[in-house]
Amino acid sequence: MDLGIAGKRALVCASSKGLGRGCAEALAAEGVHLVLNARGAEALEATAAHIRAAYGVEVVAVAADITTEDGRAKVLKAAGEVDILVNNAGGPPPGMWSDWERDDFIKALDANMLTPIALIKALVPGMIDRGWGRVVNITSGSVKSPIPVLGLSNSARAGLTGYVAGTSRQVAGKGVIMNNLLPGIHDTDRATSLDQGVAKADGSTIAEARKKREATIPAGRYGTAQEFGATCAFLCSQYAGFIVGQNLLLDGGAVNATL
Ligand code: NAP
């Protein structure tokens, strides 16, 4: 299926690895030119080189921390006009409700709520002027079903979800389509580091911790960055114009809910 977005230009934040990279590769496979971002230059350049060689699209790589004002300014300057924005950043650390102080919340809000909002505010006006745009925010399944140890993430992502719910309806009539993708457990470095934490706490091995988590997923496995990216590319496609302000859960059935 041709998604009808060849030649468009996308900024994919936090995309040297994991889910962001999955989104970048799926867009590149559709002929979308890319601006990639991550803090570590080495992995970022390697991903950029791979995508250029594999898909023949233009790739600009900007090493910067997207959660800082300076980092965003650097990325936005290099990006220029973009048609597609995929918001992503690392998630906050796990912990205990009683340990989190104001500064921990400010950091989480900055990374997982205020950064995507700042990028939306910077880039959506241009999309409106050109009459076409797509925004996909990578949030988390924890928006639908809380993960108690990830309270900082639960809180910040819920805030972004509320903002997108209203904003998506303000811009849809101008050709800009905005939605959220909610990953359940996917096979990335982030999942491995969470498994490491569980293994350490339980005195088990990482393989045992993973097996235990896989047993909680009806699909019986972790998701892949590739299938996550394919869904993102669809939400960025010409066919997604009537999907507005939705929260699409990709979790192998882990959240046990009818709606
Ligand atoms: P990952 O495999 O650890 O990859 C994170 C990517 O983001 C890397 O390219 C990393 O590169 C980049 N990055 C992290 N912080 C950044 C920053 N401040 N500025 C720019 N780039 C940054 O993580 P993932 O599993 O793909 O997760 C992506 C998002 O989905 C996270 O917010 C995570 O909490 C959320 N999520 C993931 C899962 C899952 O199962 N994987 C489930 C629910 C939610 P550098 O480190 O070099 O910057």
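The values are calculated or read from the model by the stated rules, or taken from the named source; none is laboratory data. Model, not experiment: these values are computed from the prediction. Cβ coordinates were reconstructed from backbone atoms using ideal geometry, including for glycine residues, and neighbour counts include every protein chain displayed.
Given the condition of a type outside the set (Lys, Arg), surrounded by 18 or more Cβ atoms within 10 Å (Cβ to Cβ), more than 20 Å from residue 145 (Cα to Cα) and more than 13 Å from the ligand (Cβ to nearest atom), answer yes or no: does some residue in the stretch 219-228 qualify? No. Just one of the numbered conditions (1) more than 13 Å from the ligand (Cβ to nearest atom); (2) not in a helix (DSSP H, G or I) is not true of residue 54: (2). All conditions but one from (1) over 14 Å from the mean Cα position of the chain (by Cα); (2) under 25 Å from residue 259 (Cα atoms); (3) surrounded by 19 or more Cβ atoms within 10 Å (Cβ to Cβ) apply to residue 123; the one that does not is (2). Residues in the stretch 14-36 include none that are away from the ligand (no atom under 11 Å from the Cβ) and at pLDDT below 95. Residue count for the stretch 137-180 under the criterion of being within 26 Å of residue 8 (Cβ to Cβ), surrounded by fewer than 17 Cβ atoms within 10 Å (Cβ to Cβ) and polar (S, T, N, Q): the result is 1.
Taken over the stretch 7-37, the criterion of being at positive phi and either touching a residue at least 60 places away in the same chain (Cβ under 8 Å) or surrounded by 19 or more Cβ atoms within 10 Å (Cβ to Cβ) (or both) is satisfied by 14, 18. Of all residues in the stretch 229-246, those satisfying the criterion of being touching a residue at least 12 places away in the same chain (Cβ under 8 Å) and either farther than 15 Å from residue 28 by Cβ or loosely packed, with under 15 Cβ neighbours inside 10 Å (or both) are 231, 235, 238, 239, 240, 241, 243, 244, 245, 246.
The requirement of being without any contact (Cβ under 8 Å) to a residue 40 or more places away in the chain, touching a Ser or Thr at 6+ places or on another chain (Cβ under 9 Å), among the acidic types (Asp, Glu) and surrounded by fewer than 22 Cβ atoms within 10 Å (Cβ to Cβ) is fulfilled nowhere in the stretch 60-73; no residue meets it. Taking first residues from the stretch 42-56 that are under 13 Å from residue 24 (Cβ atoms) and partners that are more than 13 Å from the ligand (Cβ to nearest atom) and not charged (D, E, K, R), the Cβ contacts under 6 Å between residues at least 6 apart in sequence or on separate chains come to 48/59; 51/28; 51/59; 52/59; 55/28; 55/29.
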